[in-house]
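See structure below.
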There are 2 protein chains.
Amino acid sequence: MQPPAATPSMDELRRTFREAGLSFTHQRMVLYRAVQEMRSHPSPEAIYEKVRGEIPSISLGTVYKNIRAFLDAGLLREVSPHHGTLRLETNLEEHHHLVCTRCKTIVDLEETDLEPVRLKCQLPGGFRVDRYNVEFRGLCASCAKMSELS
Amino acid sequence: MQPPAATPSMDELRRTFREAGLSFTHQRMVLYRAVQEMRSHPSPEAIYEKVRGEIPSISLGTVYKNIRAFLDAGLLREVSPHHGTLRLETNLEEHHHLVCTRCKTIVDLEETDLEPVRLKCQLPGGFRVDRYNVEFRGLCASCAKMSELS
DNA sequence: CTAACTGCAAAGTGTTTGCACTCTT
DNA sequence: AAGAGTGCAAACACTTTGCAGTTAG
């Protein structure tokens, strides 16, 4: 269901890091490989636990610093643009979201603004869906304008 | 674009709270109305700021406790099931998510598993979409089984 | 040799909890 | 009167930051 997650060779990694402007350290390499091997959308803590098997002396701070470096370099992404603070929803109807990834503004789209989403495949065994929601990510008008100026 | 957000009358609120098993207090009422008036998916902090205009002595703790009460009662929802902890994404391709709201597991669906999402309307002025992602929420097989037992 | 990275500990956020007091029912 | 809710402060969980020592380029 996922591409085979071919663990990249040392040399490929060297290049990847260099292109991202990151120097090649043992910790960094092990961290990167660990995340690639975990197909499970891991948390920093989960990555830390896994990597400790290989580098027992690694610190959680290093894990966080490297995750941030990977994110900034576009080597990794965050699942949700709203981790960090709780955001509340008043509209209990089925609806969708337009999210500005810069200022975090959320705008609702009504369900009827979209053609219904249709699955072409079966869902993984036994998963019971309650509802779905489409999230469009991008920049709102004012953030888009600001980013053009730079 | 949103239903008129008719601020509920005192009596309607009394009933709403009673049905939710919540007693009717001044703070609660002002909080609830404030959230309904803010069509902006507010954070707890934003709600606190707004409500302080009306009840300067209210505490942030009370705001959090009431938000939790509203969430538990289904009067409010969280925008993201993953606020709280950073979750990382290895798959940089366009794809979608199946999320178990109980154990927070995330499973990827490939883009080709879905018919393309089609908008029936214009996006609000000037919004620039980079990508979109469909999030199916529900219970995974094992969590579904566990919840049947209770 | 210099700049970047690591480990550790301290500081920051955002959120929950415990407790004495007050208000709703 | 009993139970629920409030305010305040302390405790927590998650994440970032600062710094001295180490390593990569």
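The value obtained for the protein assembly as shown, namely the Cα convex hull volume divided by the number of residues, is 180 Å³ per residue. Under a 5 Å amide H cut-off, with hydrogens placed 1.01 Å from N, B:Ser80 pairs with A:Arg87 among residues at least 5 apart or on other chains.
From the P(r) of the stretch A:10-83, can you give the percent of Cα pairs sitting at distances over 16 Å? More than 16 Å apart: 45 percent of the Cα pairs in the stretch A:10-83. Pairing the Cα long axis of helix A:60-73 with the longest principal axis of chain A, what angle in degrees results, from 0 to 90 and rounded to the nearest 10? The answer is roughly 60 degrees. Residue by residue, the stretch A:87-104 carries 3J(HN,Hα) couplings of 10, 10, 10, 9, 7, 8, 6, 4, 7, 10, 10, 10, 10, 8, 6, 8, 9, 6 Hz when phi is fed to the Karplus relation 6.51 cos²θ - 1.76 cosθ + 1.60 (θ = phi - 60°); x denotes Gly or Pro.
For the stretch B:72-126 and the stretch A:101-150, what is the centre-to-centre distance using only Cα atoms, to the nearest Å? About 7 Å separates the Cα centre of the stretch B:72-126 from the one of the stretch A:101-150. Which stretch or stretches of the stretch A:101-143 have amide N atoms under 15 Å from the point lying 7 Å from A:Glu94's Cα along the Cα→Cβ direction? Taking a point 7 Å out along Cα→Cβ of A:Glu94, the residues of the stretch A:101-143 whose backbone N falls under 15 Å are A:109-119, A:129-135.
In the protein assembly as shown, the DSSP beta bridges split such that about 75 percent are antiparallel, to the nearest 5. In terms of other Cβ atoms within 10 Å, B:Val99, A:Val134, B:Val117 run from fewest to most in the order B:Val117, A:Val134, B:Val99.
Over the stretch A:21-150, what relative contact order in percent results from Cα pairs under 8 Å that are six or more residues apart? Each step should come with its number before you reach the end.
On the way: 89 pairs, mean separation 24.6, N = 130.
Once divided by the residue count of the stretch A:21-150, the mean separation gives 19 percent.
Copy-to-copy label distances for A:Glu37, where each label lies 7 Å from Cα along Cα-to-Cβ, are 5.6 nm in order of increasing length. Each other copy places its own label point for B:Lys120 at 2.3 nm from this one, sorted shortest first, where the point lies 7 Å along the Cα-to-beta carbon line. In plain terms, the C-alpha convex hull of chain A casts an average shadow of 12.7 nm² when viewed from every direction.
Close Lys pairs in the protein assembly as shown (alpha-carbon distance under 17 Å; sequence gap of 8 or more, or different chains): 4.
Note that the stretch A:120-130 has calculated 3J(HN,Hα) couplings of 9, 10, 6, 7, x, x, x, 5, 10, 8, 8 Hz, one per residue in order, obtained from phi through the Karplus relation 6.51 cos²θ - 1.76 cosθ + 1.60 (θ = phi - 60°); glycine and proline are x. Per-residue ellipticity at 222 nm computed for chain A from its helices equals -10500 deg cm²/dmol, with DSSP H segments shorter than 4 residues left out and the rest contributing -39,500 (n - 2.57).
Please give the charge dipole size of the stretch B:10-83, origin at the Cα centre, charges +1 on K and R Cβ atoms and -1 on D and E Cβ atoms. Round to the nearest 20 debye.
The dipole of the stretch B:10-83 has a size of about 100 debye.
Look at A:Leu71, A:Leu139 and count the other Cβ atoms within 10 Å of each Cβ; fewest to most, that gives A:Leu71, A:Leu139.
With a 10 Å radius around each residue's Cβ, average the other Cβ atoms per peptide and rank A:76-85, B:13-22, A:45-54, highest first. It would help to have the intermediate numbers written out before the result.
Numbers: A:76-85: 18.5, B:13-22: 14.0, A:45-54: 16.1.
Top of the packing list down: A:76-85, A:45-54, B:13-22.
Working note: Karplus 6.51/-1.76/1.60 with θ = phi - 60° gives the stretch B:28-33 the couplings 4, 5, 5, 4, 4, 5 Hz, where Gly and Pro are set to x. Long-range amide H contacts for A:Phe127: which residues qualify at under 5 Å (H placed 1.01 Å from N, peptide plane, sequence gap of 5 or more or a different chain)? Close amide H contacts, sequence-distant or interchain: B:Ala141. Each residue in B:Arg28, B:Arg137 was given a count of other beta-carbon atoms within 10 angstrom of its own, and listing them fewest first yields B:Arg137, B:Arg28.
With both residues required to sit in the stretch B:32-150, DSSP beta bridges show an antiparallel share near 55%.
Since every read-out is calculated from the coordinates, none of them should be taken as a lab result. Remember, it's a predicted structure, so these values are computed and weren't measured experimentally. Don't worry about glycine lacking a Cβ; one is built from the backbone with ideal geometry, like all the others, and counts go over all protein chains shown.
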